[in-house]
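A quick write-up on the structure given underneath.
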Amino acid sequence: MFEEGIRRLAHSLGVDKVGFADLSGYEDEFGISERLIRAYPRAISLGVVLLDEVIETIGPDGPSPIYAYHYRQVNALLDHVALLVAKFCKEKGYRALPLPASQIVDWPRQLGRISHKAVAVLAGLGWLGKSLLVITPDHGPRVRFTTVLTDMPLETGEPLRCRCGSCRACVEACPAKAIKDVRFEIRPRRRDDVFDYLACLKKLEEFARDPSIGELVCGICVKVCPYGRKGQSKARTSRPRP
C-alpha cells in the first residue's frame with residue numbers, strides 16, 4: 001500500500017535501493033537494539049551506490065582523500081533522505097525513527113544503534129559477505145545503507161543467503177587481516193567468529209590520523225569484491241557509443 005510511495009520519494013531524492021524488512025527476524029547478539037525492535041516492527045532500508053570512479057582511487061594500502069570525502073557526502077545524503085522518508089510515514093499516521101547512516105553508540109565494541117547491514121539483508125537487498133558488508137547482486141559492497149524504523153504495515157522482503165563461496169578476495173586484500181574466511185548461510189552466530197573488529201579499528205584509526213583522510217574509513221574490501229567489479233564492467237559495456 002505504502003511501499004511504492006516510499007520508493008518514489010526515495011528514488012527522487014537520490015537513493016538507489018529501497019527495501020522493507022520484518023524486524024521479527026532481526027538478531028542482536030549485543031542487545032543494543034532490543035527496545036527499538038519492540039517499538040518498531042518494520043524497517044525501511046535505503047541504499048546509495050558509491051561511484052565506481054571514486055572507489056578506484058582507493059589504493060592497495062589504504063583509502064584516498066576523495067574516497068573519505070565521498071563517504072561523508074553519501075552519509076549526509078542518506079541521513080537527509082531518511083528524515084524525509086520518516087516524515088512521509090508520519091504524515092500517513094505512523095511512527096517513524098530515522099537512524100544516522102554512521103553513528104557509533106558503543107565505542108568499545110564499535111556498534112551502532114542497529115545494524116544497517118543486517119536490515120538491508122532482511123529486506124532482500126543483498127547478502128552478508130565474509131567481510132560483513134552487504135553484497136548486492138549488481139553493485140557488490142559498493143553501497144552504503146541507512147535505516148528508518150516504523151510501525152507502518154509494509155510488505156517485506158526475504159533475506160538472501162551468502163554467495164561468497166570460496167572467494168577470498170577481501171580476505172587476502174584486508175590490510176588489517178581482520179576477515180577470517182568463515183562461511184555461513186545468512187549471518188554468523190557471533191561477529192567475532194568471522195571478523196576481528198579490533199584489528200580493523202586499529203587500522204582505521206591509523207588511516208584517520210592522516211589529515212587528508214580524517215575519517216574511520218578504508219574501502220579496500222569494497223574495491224576488491226568481484227561482485228562490485230562485475231557491476232562496473234557491465235556498466236562500461238552497456239554504455240551507448242558516441
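The values are calculated or read from the model by the stated rules, or taken from the named source; none is laboratory data. This is a predicted model, so every value here is computed, not measured. Positions of Cβ are backbone-derived with ideal geometry, glycine not excepted, and every protein chain shown enters the neighbour counts. When the accessible area is computed, the model is the full protein with side chains, heavy atoms only, and any ligands, DNA or RNA have been set aside. Shrake-Rupley method; radii C 1.70, N 1.55, O 1.52, S 1.80 Å.
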### Task
Take the stretch 46-152, compute every pairwise Cα distance, and split them into 5 Å bins from 0; I just need the percent in each bin.
2, 12, 18, 22, 23, 14, 6, 3, 1, 0
#### Entry: Whole-Hz couplings from phi, Karplus 6.51/-1.76/1.60, listed for the stretch 88-105; x for Gly and Pro
4, 4, 5, 5, 8, x, 10, 7, 7, 10, x, 9, x, 5, 9, 8, 8, 10
### Message
Probe radius 1.4 Å, ligands and nucleic acids ignored: give me the carbon and sulfur share of the accessible area of the chain as a rounded percent.
### Response
52 percent
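Between ALA173 and LEU198, what length in nm is gained on full extension when 0.36 nm per residue of separation is reduced by their alpha carbon distance? Each step should come with its number before you reach the end.
Details: separation 25, 0.36 × 25 = 9.00 nm, distance 1.72 nm.
Contour length minus the Cα-Cα distance gives 7.3 nm.
Probe of 1.4 angstrom, ligands and nucleic acids ignored: what's the accessible area per residue over the chain, in square angstrom? List each step's numbers first, then the result.
Numbers: 12210 Å² over 242 residues.
Roughly 50 Å² per residue, with all protein chains present.
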#### Entry: Cα-projected label distance for ASP210 with ARG183, points at 7 Å along beta-carbon direction, nm
3.6 nm
### Task
Can you grab the distance from the C-alpha centre of the stretch 109-135 to the C-alpha centre of the stretch 155-180, Å, no decimals?
11 Å
### Summary
Expressed in µm² per second, the diffusion coefficient of the chain from the Stokes-Einstein equation, with Rh the Kirkwood radius over alpha carbon pairs, at 20 °C and 1.002 mPa s, is 117 µm²/s
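Suppose a student asked you for the relative contact order of the chain, using Cα pairs under 8 Å spaced at least 6 residues apart; what percent would you report? It would help to have the intermediate numbers written out before the result.
Details: 448 pairs, mean separation 57.5, N = 242.
It rounds to 24 percent for the chain.
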### Summary
Once normalised by the length of the stretch 1-126, the mean sequence separation of its alpha carbon contacts under 8 Å that are 6 or more apart gives a contact order in percent of 31 percent
### Summary
For the chain, cysteines with no other Cys Cβ under 4.7 Å from their own Cβ are listed as CYS89, CYS162, CYS164, CYS167, CYS174, CYS200, CYS218, CYS225
### Dipole magnitude of the chain, debye to nearest 20 (Cβ charges: Lys/Arg +1, Asp/Glu -1, about Cα centre)
400 debye
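Given charges of +1 on the Cβ of Lys and Arg and -1 on the Cβ of Asp and Glu, with all other atoms neutral, how large is the dipole of the stretch 73-122 about its Cα centre, in debye to the nearest 20?
Working: 7 positive and 3 negative charges, 33 e Å.
Magnitude of the dipole: close to 160 debye.
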### Task
Just grab the label-to-label distance for GLN103 and GLU27, each label 7 Å out from Cα along the Cβ direction, in nm (one decimal).
2.7 nm
### Query
Put +1 on the Cβ of every Lys and Arg and -1 on every Asp and Glu Cβ in the stretch 52-206; which of CYS164, ILE104, TYR69 then has its Cα farthest towards the positive end of the dipole?
ILE104
